[in-house]
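A quick write-up on the structure given underneath.
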Amino acid sequence: MWTDECHSGLAFSGTPTLPHSLLLQSLPRPELDRLDPYLQKVSLTPRRFLQHAGVPIEHLYFVEEGLVSILAKTDERNAVEVGLIGREGAIGSAAILGTRISTLSHFVQIGGSALRIGIDDLDRAMSECPHLRALLHGYLHAALMQSSQSAACNLRHLFLQRLARWLLMAQDRSGLDELPITQDLLARSLGVHRPTVSGAFKLLERRGIFAERGLIRILDRGSLERIACRCHHGMKLRRESWERSKTRRNLLIALSVLGALVEVELLAA
């Protein structure tokens, strides 16, 4: 389990250029240009809290690089992980629904960067950018479905399966083959004691899946997928379905813009 520590997880690092956030990449270019003045690029410092439970949400963070754990408290000092956010997601998304104080904490597992926007600016941007509003609402729904599936998995499946699923999720969300995460961090993330993680590591290493030397190196993703429970495959299919729906929506936007341009040309002729 986690022990809550009061350290900030960000440092300023200049202004944003082209976004690496998969969410922002899904926006039509006009809305992205309109959103750009509100965005500020920050660094995410590993092993620091980015957002504490019970503290007002001041910013929404679009993750570009890195990995952030969502933590739920189990008592006054400890918490367990209930989700992971990488470049596919955003931190502070509860504010989209009008919630200004989060009941969850966000801990930076792997350092990286994010683009942040103030909550008041986000409210204005969502009123001006309908596709941004729809995109964030869709992301919230997808995140809720994944959280529900993870909860079911934690109750029903063996630890080795859960560990394999977590490693696959971490790789999917960070885009890294080498994860700078210790066994101690993994144990706290998965709500078990470190010897449990160490024993599982030995089983995985004997099967040639990864080696741990201050980091976790995924050598054979296919074998890891065969060990993981079906939850990971199901969540991956739902995420891919959501990605396809975003692609179709962007195509319709592009076609409608093209149609409007053709209509203007015909009227001017």
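On inspection, VAL68 qualifies as at pLDDT 95 or above and either over 12 Å from ARG116 (Cα atoms) or over 17 Å from the mean Cα position of the chain (by Cα) (or both). ALA211 fulfils the conditions (1) among the aliphatic types (A, V, I, L, M); (2) closer than 24 Å to ARG230 by Cβ; (3) modelled with pLDDT under 90 except for a single criterion, (2).
Answer yes if at least one residue in segment 73-88 is touching a residue at least 24 places away in the same chain (Cβ under 8 Å), more than 11 Å from the chain's Cα centre (by Cα) and assigned to a helix (DSSP H, G or I), and no otherwise. Looking for residues that are touching a residue at least 24 places away in the same chain (Cβ under 8 Å), more than 11 Å from the chain's Cα centre (by Cα) and assigned to a helix (DSSP H, G or I), one finds none in segment 73-88, hence no. Using the structure shown, decide if VAL63 is crowded, with 17+ Cβ neighbours inside 10 Å and either charged (D, E, K, R) or farther than 16 Å from SER113 by Cα (or both). No: the conditions fail for VAL63. Among the residues of segment 1-36, those that are at pLDDT 90 or above, surrounded by 12 or more Cβ atoms within 10 Å (Cβ to Cβ) and over 25 Å from GLY175 (Cβ atoms) comprise PRO30, ARG34.
For every residue, the table says whether it meets (1) outside any strand (DSSP E or B); (2) touching a residue at least 60 places away in the same chain (Cβ under 8 Å).
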| residue | (1), (2) |
| --- | --- |
| ARG34 | yes, yes |
| SER43 | no, yes |
| TYR61 | no, no |
| LEU67 | no, yes |
| ILE96 | yes, no |
| ILE110 | no, yes |
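The values are calculated or read from the model by the stated rules, or taken from the named source; none is laboratory data. Quick caveat, the model's predicted, so the values are computed rather than measured. We place every Cβ from the backbone using ideal geometry, glycine too, and count neighbours over all the protein chains shown.
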